[in-house]
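Student: This is the structure I have questions about; it appears just below.
The values are calculated or read from the model by the stated rules, or taken from the named source; none is laboratory data. These numbers come from a predicted model, not from an experiment. In this analysis, Cβ positions are derived from the backbone assuming ideal geometry, glycine residues included, and neighbour counts consider all displayed protein chains.
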Amino acid sequence: MSVRVRRVHEPPEPDDGVRVLVDRLWPRGLTKEAARVDEWPKGLTPSTELRRWYHAGEGTYEEFRGRYEAELAAPEAAGLLDRVRELAGKGPVTLLTASRTPERSHAEVLARLLED
């Protein structure tokens with residue numbers, strides 16, 4: 001299973017496979033044509049409350065990861081996670097985020113869960 005995380009503002013690459021936007025909001029300044037997004041499962045993204053809490057600097061990445069993993073256990077999110085896992089079983093999947101630090105974002109949490 002091949003899952004990787006990239007910034008959505010980076011140009012698409014031939015080996016991206018299925019490109020999945022994992023942000024709740026569409027990235028500013030980016031057209032849909034330029035993004036080349038294949039899937040956009042908004043229900044897989046952190047809740048607005050969790051996202052705001054984390055971006056306000058009120059907790060650590062480890063706390064964020066634990067809270068986000070708890071949100072992913074909800075039925076809708078779990079179903080969407082299974083869908084992306086199914087896609088990854090068929091070929092490469094690239095999780096796209098507008099985060100400036102993708103390695104400390106929800107996209108990295110998703111990538112780890114998908115690879116387990």
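Student: Return the residues of the stretch 30-45 that are farther than 18 Å from Glu10 by Cβ and of a type in the set (Asp, Glu); say none if nothing qualifies. Working first, answer last.
Tutor: Narrowing the stretch 30-45 to residues farther than 18 Å from Glu10 by Cβ: 41-45.
Scanning the stretch 30-45 gives no hits.
Student: Filtering the stretch 18-48 down to residues that are among the β-branched types (Val, Ile, Thr) and either within 20 Å of Arg83 (Cα to Cα) or assigned to a loop (DSSP other than H, G, I, E, B) (or both), which residue is nearest to the chain's Cα centre (by Cα)?
Tutor: The residue in question is Val22.
Student: Please determine whether any residue of the stretch 53-62 is crowded, with 17+ Cβ neighbours inside 10 Å, touching an Asp or Glu at 6+ places or on another chain (Cβ under 9 Å) and over 14 Å from Ser105 (Cα atoms).
Tutor: Within the stretch 53-62, not a single residue is crowded, with 17+ Cβ neighbours inside 10 Å, touching an Asp or Glu at 6+ places or on another chain (Cβ under 9 Å) and over 14 Å from Ser105 (Cα atoms).
Student: Also, I was wondering about something else. Among the residues of the stretch 56-70, is there at least one that is at pLDDT below 95, basic (Lys, Arg) and either over 17 Å from Ser2 (Cβ atoms) or in a helix (DSSP H, G or I) (or both)?
Tutor: Looking for residues that are at pLDDT below 95, basic (Lys, Arg) and either over 17 Å from Ser2 (Cβ atoms) or in a helix (DSSP H, G or I) (or both), one finds none in the stretch 56-70, hence no.
Student: Let me ask something additional. Hey, can you tell me all the residues within the stretch 48-91 that are aliphatic (A, V, I, L, M) and touching a helix residue (DSSP H, G or I) at 6+ places or on another chain (Cβ under 7 Å)?
Tutor: Leu50, Leu72, Ala77, Ala78, Leu80, Leu81, Val84, Ala88
Student: Moving to a separate point now. Of all residues in the stretch 1-17, which are more than 15 Å from Thr97 (Cβ to Cβ) and either in contact with a helix residue (DSSP H, G or I) (Cβ under 8 Å, 6 or more places away or on another chain) or part of a loop (DSSP other than H, G, I, E, B) (or both)?
Tutor: The answer is Met1, Ser2, Pro11, Glu13, Gly17.
Student: Would you pick out the residues in the stretch 18-45 that are in contact with a helix residue (DSSP H, G or I) (Cβ under 6 Å, 6 or more places away or on another chain) and of a type in the set (Lys, Arg)?
Tutor: Arg24
Student: Residue by residue through the stretch 62-109, note down the ones that are in contact with a Gly (Cβ under 7 Å, 6 or more places away or on another chain) and closer than 18 Å to Thr48 by Cβ.
Tutor: Glu76, Ala77, Leu80
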